[in-house]
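Rule-based calculations on the coordinates, nothing more; no lab input. These figures come from a predicted structure and were not determined experimentally. All Cβ positions, even for glycine, are placed from backbone atoms using ideal geometry, and neighbour counts span all protein chains on display.
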Amino acid sequence: MKDRKSTMGKSSGDDIFEKDYSKIRQIQPRANNSGDQKIRRLGENPRRFQGKSRQKKGFSFLKKAAAPFLAFAIGAAAGVGGGYYLWGYEHPYTVNLKEVAIPSWIEQNFIRKNLFSRPDVTLKQVNNIVIHYVANPGTSAAANRSYFDNLADQDPQQPGTVGGCHFIVGLNGEILQIIPVSEVTYAAAPRNFDTLSIEVCHPDDTGEFSQETYDSLVRLTAWLCEELELSSKDLIRHHDVSGKACPKYYVENEDAWKQFKKDVKKAMK
């Protein structure tokens, strides 16, 4: 479902296009002054402990000699741990979205760059593909494309309606691409910065797709998963992002959603 009722004020344009990475705290060892001075208890004879001091002199020397090596070992361990924290869960993203070649069975017809539906902000990586339904029964892919393009005619100095997607799958199985995969679109806040969105047309209020539409959606998502190095597990509903009943049929029929993901997996090479 498109965010047709969303409004834009002075803070428009999703202020989460860039990921914020947490900084690792550097833990500094506490100063150890216990060996700086020898504390003598009241009434003790200094000579009483001379023998023990001599016996421990050699051991003390070994401790001092080993201290630099111990510090090095601790530092190395901390470095490895910090590196794992930084990179262990954030694997390098290797897909160049600007070099993704669109096949001939997808029609490219980009909407105008504008503040409300195509903000012209670079999408750095894709972690999930989000499935939507247009929530306007019987409308075509071309009609929904026109809707998004017409959002550009709003006054950018005033609050307005925002929305968008990367692809639209039509009632007869036609596929339109209206925004490049290398650009952010307003479709699945707050996940606009790392997702692609597909709007899907449907003939009636149930939100169920026709067989032609369903087959094209499976083909499109399978191809995208292959190109973007994703799997069927990375397919999500708009509902999974924001809790909206979108796509309606797959929110109300969980088994149908699971079957869709199985069909995409089967369609992948």
Could you list which residues have their amide H under 5 Å from that of Val162, counting only those 5 or more apart in sequence or on another chain, with H placed in the peptide plane?
Ser6
Reciprocal mean inverse distance between Cα atoms of the stretch 206-260 - Kirkwood radius, Å
11.9
Segments 203-216, 124-137 sorted - mean Cβ within 10 Å per residue, highest first
124-137, 203-216
How big is the shadow of the Cα convex hull of the stretch 112-176, averaged over all directions, in nm²?
5.3
In what sequence do Val200, Val100 fall when counting other Cβ within 10 Å, fewest first?
Val100, Val200
Can you sort Ile179, Ile111, Ile236 so the residue with the fewest Cβ neighbours within 10 Å comes first?
Ile236, Ile111, Ile179
Sequence of Cys225, Cys201 once ranked by neighbouring C-beta atoms within 10 Å, starting from the fewest
Cys225, Cys201
Computed ³J(HN,Hα) along the stretch 124-139: with the Karplus parameters 6.51/-1.76/1.60, θ = phi - 60°, integer Hz and x for glycine or proline, the list is 7, 7, 10, 9, 8, 10, 9, 9, 10, 10, 6, 6, 9, x, x, 7
Relative contact order for the stretch 97-267: what is it in percent, counting Cα pairs under 8 Å that are at least 6 residues apart?
27
Radius of gyration and maximum dimension Dmax of the stretch 97-267, Cα, Å
14.9, 48
